[in-house]
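**Student:** After the structure tokens below, expect a handful of questions from me.
The values are calculated or read from the model by the stated rules, or taken from the named source; none is laboratory data. Just so it is clear, the model here is predicted, and its values are computed rather than measured. Because the Cβ atoms are built from the backbone with ideal geometry, glycine has one as well, and the counts that use them run over all protein chains shown.
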Amino acid sequence: AQEWQLGSRPEGRPEPADFRLVERELPAPDEGEVLVRNSFLSVDPYMRVLMGSAQPGVPVYPLNRPMTGGAVGMVVASRAPGLSPGDLVLSDLGWRTAAVAPARRFTRLERLPGVPDSAFLGALGMTGLSAYVGLTRIAQLEPGDRVFISGAAGAVGSLAGQMARLLGAKEVIGSAGSEEKVAYLTTELGFSVAFNYKAGDVRAQLAQAAPEGIEVYLDNVGGDHLEAAIDALTLDGRAALCGAISGYHLSEPPPGPRNMIELVKKRLTLRGFEVGDHMDLHPRFARQMGSWLAEGQITFRETVEHGITGAVDAFLGLLDGRNTGKAVVQL
Ligand code: NDP
């Protein structure tokens with residue numbers, strides 16, 4: 001089997017030289033273990049955080065060890081009750097072609113008709129759940145709300161925009177990093193308005209897109225996007241802080257929003273979340289998402305790299321904004 005290891009901690013944007021592809025002979029599964037061949041690997045922004053930087057102190061991927069991440073695969077051999085060859089499974093044993101591990105590291109998946117297996121890393125996986133948790137539990141979206149979503153053409157954002165509309169939002173505004181992505185948001189995903197954050201000041205563009213303000217903000221980006229959203233939020237507005245990708249390469253934390261006093265004046269709620277703390281919502285989410293997909297109410301794109309050698313490119317592409325929708329690696 002082949003696996004990617006982190007060879008050095010990146011300063012700023014990671015480089016291909018920070019990663020090493022290593023060949024490893026896998027043992028036969030022991031009692032209670034299974035051998036799984038991965039078919040799709042997930043690459044996600046949080047992995048940049050886990051790589052750390054030269055500064056010590058953050059919990060990080062160990063050096064020269066296999067990296068981890070979401071993966072969908074097929075059981076090839078099993079010495080564990082409950083898992084049989086041919087079963088489709090989800091694990092966090094990504095960044096590798098195959099893995100031998102105790103059965104508890106794998107979750108058996110039920111395929112949905114017409115939905116590719118890779119969707120268990122995206123629309124039907126943690127990505128979709130993040131969008132759902134952020135909008136419903138964290139931001140407490142209500143019908144009639146005006147919602148702003150940053151990183152809107154990405155994996156979480158593209159699902160969140162469609163969900164917000166289905167959950168009754170009056171207007172859904174999105175920002176993304178290219179004209180093509182902006183067009184995708186409004187023509188295919190049903191966003192009411194969208195803008196290219198690279199084409200001008202975020203605050204000014206948001207004010208123009210939502211002249212009467214917003215009730216809800218789902219933050220994937222942080223930095224100037226968060227500051228702009230704080231300005232645009234109306235009385236009792238709510239922001240769900242999902243991520244802050246604009247700062248993941250910085251070795252010093254970025255300065256905070258300069259307009260925090262607006263939280264006082266407008267009684268705003270800003271609340272962060274980790275999707276893993278909200279697994280109790282997963283069954284409800286899976287049912288709801290399953291029917292939205294079956295009815296064609298939610299669509300998604302994926303940006304697919306092929307082969308284990310493509311994993312680093314897929315990951316760096318995600319950090320550079322080359323993906324639309326979920327970035328995955330197909331083995
Ligand atoms: P995406 O598919 O959205 O990919 C990342 C995108 O971020 C890129 O496509 C790029 O799009 C954009 N981006 C990169 N750099 C910048 C920048 N400096 N400013 C603005 N946008 C930038 O990834 P995900 O959907 O998986 O993740 C989105 C966010 O959600 C991340 O912050 C992630 O950490 C967070 N997250 C949090 C979870 C949680 O539990 N809290 C769970 C899952 C994700 P563009 O071309 O538009 O720049």
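**Student:** Quick check, is residue 241 within 16 Å of the ligand (Cβ to nearest atom), modelled with pLDDT of 95 or more and surrounded by fewer than 21 Cβ atoms within 10 Å (Cβ to Cβ)? Give the steps one after another, and end with the answer.
**Tutor:** Details: within 16 Å of the ligand (Cβ to nearest atom): yes; modelled with pLDDT of 95 or more: yes; surrounded by fewer than 21 Cβ atoms within 10 Å (Cβ to Cβ): yes.
Yes: the conditions hold for residue 241.
Yes/no matrix, rows are residues, columns are (1) closer than 24 Å to residue 111 by Cβ; (2) in contact with a strand residue (DSSP E or B) (Cβ under 7 Å, 6 or more places away or on another chain); (3) without any contact (Cβ under 8 Å) to a residue 24 or more places away in the chain:
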position: 2; (1), (2), (3): no, yes, no
position: 10; (1), (2), (3): no, no, no
position: 19; (1), (2), (3): no, yes, no
position: 26; (1), (2), (3): no, yes, no
position: 50; (1), (2), (3): no, no, yes
position: 64; (1), (2), (3): no, yes, no
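**Student:** Can we say residue 122 is touching a Lys or Arg at 6+ places or on another chain (Cβ under 9 Å), among the small types (Gly, Ala, Ser) and farther than 30 Å from residue 252 by Cα? Can you show your working first?
**Tutor:** Details: touching a Lys or Arg at 6+ places or on another chain (Cβ under 9 Å): yes; among the small types (Gly, Ala, Ser): yes; farther than 30 Å from residue 252 by Cα: yes.
The answer is yes for residue 122.
**Student:** Does residue 243 count as free of Cβ contacts under 8 Å to residues at least 24 places away in the same chain and under 22 Å from residue 169 (Cβ atoms)?
**Tutor:** Numbers: free of Cβ contacts under 8 Å to residues at least 24 places away in the same chain: no; under 22 Å from residue 169 (Cβ atoms): yes.
Taking the combined requirement at face value, the residue does not satisfy it.
**Student:** Turning to a different aspect of this structure: Answer yes or no: is there a residue in the stretch 148-158 that is part of a helix (DSSP H, G or I) and more than 15 Å from the ligand (Cβ to nearest atom). Give the derivation first.
**Tutor:** Within the stretch 148-158, the subset part of a helix (DSSP H, G or I) is 155-158.
Now drop any that are not more than 15 Å from the ligand (Cβ to nearest atom), which leaves none.
No, the stretch 148-158 contains no residue that is part of a helix (DSSP H, G or I) and more than 15 Å from the ligand (Cβ to nearest atom).
**Student:** Within the stretch 261-268, is there a residue that is more than 17 Å from residue 163 (Cα to Cα), touching a helix residue (DSSP H, G or I) at 6+ places or on another chain (Cβ under 6 Å), within 13 Å of the ligand (Cβ to nearest atom) and not in a loop (DSSP other than H, G, I, E, B)?
**Tutor:** no
**Student:** Restricting attention to the stretch 209-230, report how many residues are more than 15 Å from residue 152 (Cβ to Cβ) and in contact with a Gly (Cβ under 9 Å, 6 or more places away or on another chain). Write out each step before concluding.
**Tutor:** Let us first name the residues in the stretch 209-230 that are more than 15 Å from residue 152 (Cβ to Cβ), namely 211-213, 215, 223-224, 227, 230.
Okay, now just the ones that are also in contact with a Gly (Cβ under 9 Å, 6 or more places away or on another chain), so 213, 215, 223, 227, 230.
Adding up the residues that qualify gives 5.
**Student:** Taking the stretch 234-260, which residues are farther than 30 Å from residue 70 by Cβ and not in a strand (DSSP E or B)?
**Tutor:** 255, 256, 257, 258, 259, 260
**Student:** Among the residues of the stretch 195-223 satisfying the criterion of being within 20 Å of the chain's Cα centre (by Cα) and closer than 17 Å to residue 240 by Cα, which is farthest from the ligand (Cβ to nearest atom)?
**Tutor:** The selected residue is 216.
**Student:** Report, by residue number, each residue of the stretch 141-171 that is in contact with a Ser or Thr (Cβ under 6 Å, 6 or more places away or on another chain) and farther than 26 Å from residue 43 by Cβ.
**Tutor:** Result: 171, single match.
**Student:** Could I ask something else about it? Determine which member of the set 310, 317 is small (Gly, Ala, Ser) and either crowded, with 20+ Cβ neighbours inside 10 Å or within 11 Å of the ligand (Cβ to nearest atom) (or both). Reasoning before the result, please.
**Tutor:** Details: 310 fails: either crowded, with 20+ Cβ neighbours inside 10 Å or within 11 Å of the ligand (Cβ to nearest atom) (or both).
Result: 317 is the single residue among 310, 317 that is small (Gly, Ala, Ser) and either crowded, with 20+ Cβ neighbours inside 10 Å or within 11 Å of the ligand (Cβ to nearest atom) (or both).
**Student:** Next question, about the same structure. Can you pull out the residues in the stretch 87-144 that are within 15 Å of the chain's Cα centre (by Cα) and among the charged types (D, E, K, R)?
**Tutor:** Once the filter is applied, which keeps residues that are within 15 Å of the chain's Cα centre (by Cα) and among the charged types (D, E, K, R), the stretch 87-144 yields only 92.
Conditions (1) closer than 25 Å to residue 197 by Cα; (2) of a type in the set (S, T, N, Q); (3) in contact with a helix residue (DSSP H, G or I) (Cβ under 6 Å, 6 or more places away or on another chain), marked per residue:
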residue: 218; (1), (2), (3): yes, no, yes
residue: 233; (1), (2), (3): yes, no, no
residue: 270; (1), (2), (3): yes, no, no
residue: 292; (1), (2), (3): no, no, no
residue: 304; (1), (2), (3): yes, no, no
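**Student:** Applying the selection to the stretch 129-147, what residues are outside any helix (DSSP H, G or I) and either within 14 Å of the ligand (Cβ to nearest atom) or not aliphatic (A, V, I, L, M) (or both)? Break it down into steps so the answer makes sense when it comes.
**Tutor:** Residues of the stretch 129-147 that are outside any helix (DSSP H, G or I), as a first pass: 139-147.
Across the stretch 129-147, the qualifying residues are 139, 140, 142, 143, 144, 145, 146.
**Student:** Let me ask something else. Considering 168, 161, 114, which residue is assigned by TED's automatic domain parsing to the domain that holds residue 93 and of a type in the set (Gly, Ala, Ser)?
**Tutor:** 114
**Student:** Could you list, in sequence order, all residues of the stretch 159-180 that are crowded, with 24+ Cβ neighbours inside 10 Å, within 9 Å of the ligand (Cβ to nearest atom) and farther than 15 Å from residue 128 by Cα?
**Tutor:** 175, 176
**Student:** Turning to a different aspect of this structure: Can you work out which of the residues in the stretch 278-313 that are acidic (Asp, Glu) and in contact with a strand residue (DSSP E or B) (Cβ under 6 Å, 6 or more places away or on another chain) is nearest to residue 158 (Cα to Cα)?
**Tutor:** The initial filter retains those residues of the stretch 278-313 that are acidic (Asp, Glu), namely 280, 295, 302, 305, 313.
Remaining after also requiring in contact with a strand residue (DSSP E or B) (Cβ under 6 Å, 6 or more places away or on another chain): 302, 305, 313.
Values: 302: 11, 305: 19, 313: 22 Å.
By that ranking, first place goes to 302.
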